[in-house]
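Computed from the coordinates by the stated procedures, all read-outs in this text should not be read as laboratory data. Because the structure is a prediction, the values reported are computed rather than measured. Neighbour counts run over all protein chains shown; Cβ positions are idealised from the backbone, glycine included.
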Amino acid sequence: MVIAALGATPAYAQSRDADPELEELIPDSAIADPESWAVDTEAARTPEDAGPDPDTPLSDPPEMTLAWPEEDLDIAIEPLEEDPQLAEDLSRRNERPAADLALPEMAAAEEEREERTRVELSKKITLNYPESFADFDKIDEFRDRFLALSDIETLADGDDNLAQLANRARADQETLEQLLSVYGFYDADVRQRVRTPAEGEGSGENGAVRPRDARFIFNIDPGPRYRFGLIDLGNLAQTGADFETLRKAFEIESGDYVSEDAIVFERIDLDVALGENGYAFAEVGAPDLLVDHARDEADLNLTVEPGGKYRFGSVVSTMPDFLSGKHLSEIARFDAGDLYKESDVEDLRRAILATGLVSTLSIQPRETAPPANGEPGTVELDVDLTEAPLRTIAGSLGYATTDGFRAEASWEHRNFFPPEGMLRVRAVAGTQEQLLGATFRRNNWHGRDRVLSLDVFANTIDRDAYEARTISAIGKFERLSTLIFQKEFSWSVGLELVATQEREGTLDGDVGPRETYFVAALPGRVLFDQSDDLLDPTNGWRLEAWVSPEVSRNNGAQSFYARNSLEGRYYQPFGDSVVLAGRAKFGTIQGASLRDIAPSRRLYAGGGGSVRGYGYQQIGPQDDLGDPTGGRSLVEASLEARVRTGLFDGSLSVVPFIDAGAVDTTTTPRLRDLQFGAGVGIRYHTNFGPLRVDVATPLNPRPGDSRIGVYVALGQAF
């Protein structure tokens with residue numbers, strides 16, 4: 001072979017711009033006479049380069065030290081022992097579909113052979129899994145959790161690019177694998193594919209394909225679902241007679257399907273059960289789950305140290321002059337000697353915080369006597385308190401076309417008389433009312449949610465119905481229903497002493513004479529509550545009865561009568577977004593004529609908490625001047641539908657309603673005198689109750705009735 005690449009071109013002198021390294025390799029003589037520099041490669045080949053001659057016989061082979069086997073030698077090949085795990089892994093590998101590797105039509109045929117289920121979770125995400133996995137008992141929960149955690153869904157943006165979507169798809173693939181392991185699928189295989197429309201069929205201009213057109217398909221092969229193998233609960237057996245009860249609280253048994261959620265929840269249940277059965281110092285460690293792929297099982301180890309069993313001793317306060325241990329024992333729901341319960345400790349914590357007197361709080365059990373001879377020990381509760389700000393100054397200023405100007409101010413000290421003795425001084429200055437008063441209130445008096453109060457005030461009232469100058473003293477003892485403990489039964493009893501000068505309404509200075517009344521009353525109230533919420537009930541009922549036997553002295557004449565009322569409320573849900581609420585009230589005054597009853601003690605109706613659409617106290621009989629006179633009987637009824645709209649994250653409700661009410665001078669109301677009002681309201685639901693705005697109009701107005709009434713308040717109308 002002759003290399004003649006240079007010989008085929010004329011020879012030229014080297015350029016001055018030539019690469020210096022090339023100048024060293026190609027001398028000027030080669031440029032001048034390239035043919036003489038050509039090499040005949042065939043002639044230059046050496047004998048060694050030619051290799052062996054195929055016609056030359058082989059030389060004698062070198063001496064061999066291994067004897068050549070005879071022809072009749074029988075060679076037996078023993079088969080290798082089969083590895084069962086390797087065989088199982090190869091079997092699973094062969095069973096897996098090759099959808100991601102095959103052509104589209106081949107993938108479709110494989111999926112059809114596998115009888116797979118395809119579920120479109122959203123416009124961007126599709127899950128594809130075997131029919132057997134579709135029968136998984138928590139498949140709906142699995143899909144919902146994945147969709148809530150999906151980066152593709154939660155981070156979707158119109159400006160996404162393909163790189164962002166690819167990263168999110170990989171993250172979603174890992175999320176699916178993690179979720180599958182939560183439900184015990186530890187051999188799961190998850191693969192993802194992306195599909196985009198053909199050019200011209202996209203969402204861009206002229207059908208251009210954009211990143212947002214991508215659709216992601218996740219192929220899931222879950223593999224076997226593992227079961228629990230051995231379950232070790234540490235030293236739980238040391239609880240002796242309580243072991244069976246406590247073991248039942250941990251509802252995981254060998255052979256159950258593995259669920260990491262169940263481990264978390266059952267660990268909490270066991271911890272709670274220990275605390276509720278006297279084990280004040282029990283410790284439940286973090287779970288340890290050992291997954292054995294050879295057995296398709298997982299062994300669970302949970303370190304449990306129950307400690308001893310205890311009873312309550314006394315409650316010890318770090319601030320005895322502020323909130324004594326004795327007082328804290330009175331508001332606790334346990335007595336010394338009761339079996340220790342963690343829920344009782346937590347309830348006491350909430351009750352102390354609810355007083356509003358402390359800013360920080362800790363409660364720690366302390367052993368004072370260890371368990372001995374099979375009997376529980378004793379623990380005292382050390383309550384460490386930090387005092388909160390106790391004084392409050394408040395004020396409000398307002399104006400209404402119906403009520404005129406009103407200003408109110410108050411000063412309050414919530415622990416003026418320890419423990420929990422509140423003193424409040426308040427004053428009101430307004431067009432229709434002026435007041436100066438003081439209130440003493442002792443919360444949790446000799447028991448939880450029992451309140452003793454004394455209210456002393458002097459006020460003047462100038463309303464359409466009457467004018468009054470009053471001095472009152474009202475003492476009351478009551479058992480309240482609270483947000484911490486909504487009670488099925490609550491009550492109050494009291495004593496009321498009133499001295500009042502009153503006269504009926506006036507017009508253009510034409511007034512009647514003032515009459516003086518001295519009234520003593522014994523008001524009492526009972527409430528049966530079967531509703532599901534104190535501030536915003538959606539289900540159940542309430543029934544309240546109120547009675548106040550009274551003696552009144554006026555112009556030397558003495559009258560005995562009883563003011564009574566009965567009110568029922570009912571709440572019925574329809575689906576998740578509608579509650580139908582109804583209310584009916586009946587009131588009567590028995591034993592005296594209307595003239596012998598002070599105007600301020602009579603019955604009235606109308607207003608935001610009564611019949612909406614009418615002014616305050618405007619329903620009922622009227623005098624010649626058109627002012628309400630009140631009556632001896634009352635009936636009210638309301639019906640409204642509370643409809644959640646879904647707006648503002650479900651916080652806004654729309655409430656159409658209709659109200660009716662009547663007041664009569666007779667002791668039994670006459671339904672022919674019913675006044676009707678209807679309207680619509682909105683409710684904005686907060687964590688302390690709904691904010692209410694209602695707009696209503698009278699349906700059968702009388703002369704002088706306003707056409708529109710607007711009512712704003714906290715809480716439902718009833």
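Each peptide in 414-420, 475-481 receives the mean, over its residues, of other Cβ atoms within 10 Å, and ordering these scores from highest gives 414-420, 475-481. Radius of gyration (Cα atoms) of segment 121-186, expressed as a multiple of 2.2 N^0.38 Å: 1.18.
A simple charge model with +1 on the Cβ of Lys and Arg, -1 on the Cβ of Asp and Glu and nothing else charged puts the dipole of segment 572-718 at about 180 debye relative to its Cα centre. Each distinct pair of alpha carbons in segment 227-305 adds a 1/r term; the inverse of their mean, the Kirkwood radius, is 12.8 Å. Looking at segment 165-267, none of the trypsin sites (Lys or Arg not before Pro) sits in a DSSP loop with at most 11 other Cβ atoms within 10 Å of its own Cβ. Neighbours of Leu390 by Cβ distance under 13 Å: Lys/Arg scored +1, Asp/Glu scored -1, total 0.
A convex hull fitted around the alpha carbon atoms of segment 444-714 yields 140 Å³ per residue. Taken about its Cα centre, segment 320-367 carries a charge dipole of about 140 debye when Lys and Arg each add +1 at the Cβ and Asp and Glu each add -1 at the Cβ.
Projecting label points 7 angstrom from Cα along Cα→Cβ for Thr392 and Ile268 puts them 3.2 nm apart.
Averaging the sequence gap over all C-alpha pairs within less than 8 Å and six or more residues apart, then dividing by the number of residues, gives segment 324-387 a relative contact order of 26 percent.
For Lys123, the lysines whose Cα falls under 25 Å of its own Cα, not counting residues fewer than eight places away in the same chain, are Lys138. Taking 35 Å as R0, compute the FRET efficiency from the Cβ-Cβ separation of Ala241 and Val526 and round it to 0.05. Calculated transfer efficiency: 0.25. Taken about its Cα centre, segment 227-305 carries a charge dipole of about 120 debye when Lys and Arg each add +1 at the Cβ and Asp and Glu each add -1 at the Cβ. Under the combined filter of DSSP loop state and at most 13 neighbouring Cβ atoms within 10 Å, segment 150-207 retains these GluC sites (Glu not before Pro): Glu199, Glu201. Per-residue extension of 0.36 nm, minus the Cα-Cα distance of Ala438 and Thr665, leaves a gain of 78.2 nm for this segment. Considering every alpha-carbon pair of segment 419-557, the percent of pairs per 10 Å bin, from zero through the bin containing the longest distance, is 10, 28, 31, 23, 7, 1. The equivalent ellipsoid of segment 612-653 has semi-axes of 37, 12, 6 Å, largest first, where each one is the square root of 5 times an eigenvalue of the Cα gyration tensor. The three principal axes of the C-alpha atoms in segment 624-689 carry coordinate ranges of 51, 21, 20 Å, sorted with the longest axis first. By the beta-carbon count within 10 Å of each Cβ, the least crowded to most crowded order of Val712, Val456, fewest first, is Val712, Val456. Please compute the Kirkwood hydrodynamic radius over segment 310-387, one decimal place, Å, based on all pairs of different Cα atoms. Kirkwood radius, segment 310-387: 12.7 Å. For segment 392-498, the alpha carbon positions stretch 43, 29, 25 Å along the principal axes, listed from largest to smallest. Going 7 Å from the Cα of Ala286 in the Cα-to-Cβ direction, what parts of segment 201-245 have a backbone nitrogen less than 20 Å from that spot? Within reach of a label on Ala286: 232-235.
For segment 570-707, the average shadow cast by the Cα convex hull is 9.7 nm², which is a quarter of the hull's surface.
The radius of gyration of the Cα set in segment 311-439, together with its Dmax, comes out at 21.5, 77 angstrom. Working note: Debye formula, equal point scatterers on the alpha-carbon atoms of segment 510-608, no solvent; log10 I(q)/I(0) at q = 0.21 Å⁻¹ is -1.06.
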